[in-house]
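The values are calculated or read from the model by the stated rules, or taken from the named source; none is laboratory data. No experiment lies behind these values; they were computed from the predicted model shown. Neighbour counts run over all protein chains shown; Cβ positions are idealised from the backbone, glycine included. Note: accessible area is taken over every heavy atom of the protein model, side chains too, but ligands, DNA and RNA are not part of it. Shrake-Rupley method; radii C 1.70, N 1.55, O 1.52, S 1.80 Å.
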Amino acid sequence: MIFLKLFFEFFKVGLFAVGGGMATFPFLSELGPRTGWFTQNQLADMVAVSESTPGPIGVNMASYVGFTTAGVPGAAAATLGLITPSVIIILLVARMLAAFRDSKLVKDIFYGLRPASTGLIAAAGISVVLLALLDRAAYASSGRLLDLFQWKGFLLAAALLYFTRWCKPTKELHPVAFIAFAAAAGILFRFAGA
Amino acid sequence: MREYLRLFGAFARIGALTFGGGYAMLPMLQKEVVEQYGWATEEELMDYYAIGQCTPGVIAVNTATFVGRKQKGALGAVAATLGVVFPSLVIITAIAAFLANFADLPAVKNAFAGIRVCVCVLIFNAVCRLWKKSVVDRPALVICLAVLMGSLVLKFSPVVFVVLAGAAGVAVKAWEARRS
């Protein structure tokens, strides 16, 4: 039963992904290869679409994965799975709002969870970098190290790093602007060689 | 019934008009929830946000659940939460269906190859932002690096690392308390 499985997998993500936004990403990066529902390349595309459309990123990612796996009902099943633990937990916590907010145990647990979430996202990010910037297929067939490193991708990454981190006028722009810029560069310089 | 529809509608508007969730959603929430309907005060909203960050799940969903529950109990919570995710479902489904039909066009392939490079940079930036907030001292640094190395080498589910890290957080704090 694909819908139940989608619901259950995203229930787990909703229960364990801490810190909002990108926190769901490492879970999906593990989910794809395990279930065969989507590839890492598809996941990277989903991140881009989720960042460029309205709505919470975690919810957008769940809708996208669900739709890719099992159409519109799949999108609904995955999204409902993601939000169900939140609703249950908040309904429980709301009764003892102050006690929860001031609890030392909760603070201590989250003191450990936050750096772990950062580490998980970094690890999953490295797997995307390996896919986007290294062409292992070309290297395997030609044996030349120059074919392994996609120099166009490195140049674009350097430019984007500059525009998102150090260049004052563009730094505050919404991610969708950088995604559009990268898409234009991809088409102009034939990034996929197509 | 009307109150449920109003909760659904207000949170659907919030979901449809904010890009990015989390803190990007705060100005919209203030406008709809505090100013327009008076469902919560500014202070309550900040409380919900703070707790949304100390509970698992999507922060926007957590906030919607809080506001809905305060207004109309558990059913209100469900109405508000379904509202906040509804636009995502519609918009993403439309885009995914559209892209699936055009995925084989050369221009689309090239565009997404470029976009993937951008996704790397966006994830890198997200990690840097989270790093500043989460790696606050040396034990936190150890937890972060241990999880990073662990999940690169071992193919465990992230759930394992989350549970272990929560326990490690409690253990570190208990040890620090005993030492002082």
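Okay, here's what the table says:
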{"item": "Probe 1.4 Å, accessible area per residue of segment B:1-152, Å²", "result": "44 Å²"}
{"item": "q = 0.20, 0.21 Å⁻¹: log10 I(q)/I(0) that the Debye formula gives for segment A:138-188, counting C-alpha atoms only", "result": "-0.73, -0.76"}
{"item": "Span-rule helices in chain A, defined as complete DSSP H runs reaching 30 Å or more along the axis (Cα) with Kyte mean at least 1.0", "result": "A:57-94, A:104-133"}
{"item": "Difference of contour (0.36 nm per residue) and Cα-Cα distance, B:Val163 to B:Glu35", "result": "42.1 nm"}
{"item": "About the Cα centre, charge dipole magnitude for segment B:35-91 (Lys/Arg +1, Asp/Glu -1 at Cβ), debye", "result": "320 debye"}
{"item": "Accessible-area value, A:Leu92, 1.4 Å probe, nucleic acids and ligands omitted, Å²", "result": "100 Å²"}
{"item": "Accessible-area value, B:Tyr37, 1.4 Å probe, nucleic acids and ligands omitted, Å²", "result": "60 Å²"}
{"item": "Percent RCO, i.e. relative contact order, over chain B, from Cα pairs under 8 Å lying at least 6 residues apart", "result": "19 percent"}
{"item": "Accessible area per residue in Å² at 1.4 Å probe, computed on chain A", "result": "44 Å²"}
{"item": "Accessible surface ranking that places the most exposed of B:Ser88, B:Ser151 first, with a 1.4 angstrom probe", "result": "B:Ser151, B:Ser88"}
{"item": "Inter-label distance for A:Phe189 and B:Leu154, nm, one decimal - labels placed 7 Å from Cα along Cα-to-Cβ", "result": "4.0 nm"}
{"item": "Environment charge of B:Gln71, counting only residues whose C-beta is closer than 10 Å and scoring Lys/Arg +1, Asp/Glu -1", "result": "+3"}
{"item": "Per-residue SASA entry for A:Arg114, accessible area with 1.4 Å probe, Å² rounded to 10", "result": "90 Å²"}
{"item": "Dipole of the protein assembly as shown, positive direction: furthest Cα of B:Asn110, B:Ile59, A:Met1, with charges on the beta-carbon", "result": "B:Ile59"}
{"item": "Accessible area in the full protein assembly, largest first, 1.4 Å probe, for A:Tyr162, B:Tyr49, A:Tyr139, B:Tyr4", "result": "A:Tyr162, A:Tyr139, B:Tyr4, B:Tyr49"}
{"item": "Measure of compaction for chain A (Cα Rg per 2.2 N^0.38 Å)", "result": "1.19"}
{"item": "Charge dipole (debye, nearest 20) of chain A; +1 at Cβ of Lys and Arg, -1 at Cβ of Asp and Glu", "result": "300 debye"}
{"item": "Check: segment B:1-104 dipole with +1 on Lys, Arg Cβ and -1 on Asp, Glu Cβ, in debye", "result": "320 debye"}
{"item": "DSSP H segments from chain B that extend 20 Å or more along their own axis, Cα-based, with Kyte-Doolittle mean of 0.0 or above", "result": "B:2-17, B:59-102, B:106-134, B:138-153, B:158-179"}
{"item": "Tensor-based shape of chain B (alpha-carbon gyration tensor, a/c under 1.5 rounded, otherwise prolate or oblate)", "result": "oblate"}
{"item": "Calculated diffusion of the protein assembly as shown, Stokes-Einstein form, Kirkwood radius summed over Cα pairs, 37 °C and 0.692 mPa s, µm²/s", "result": "155 µm²/s"}
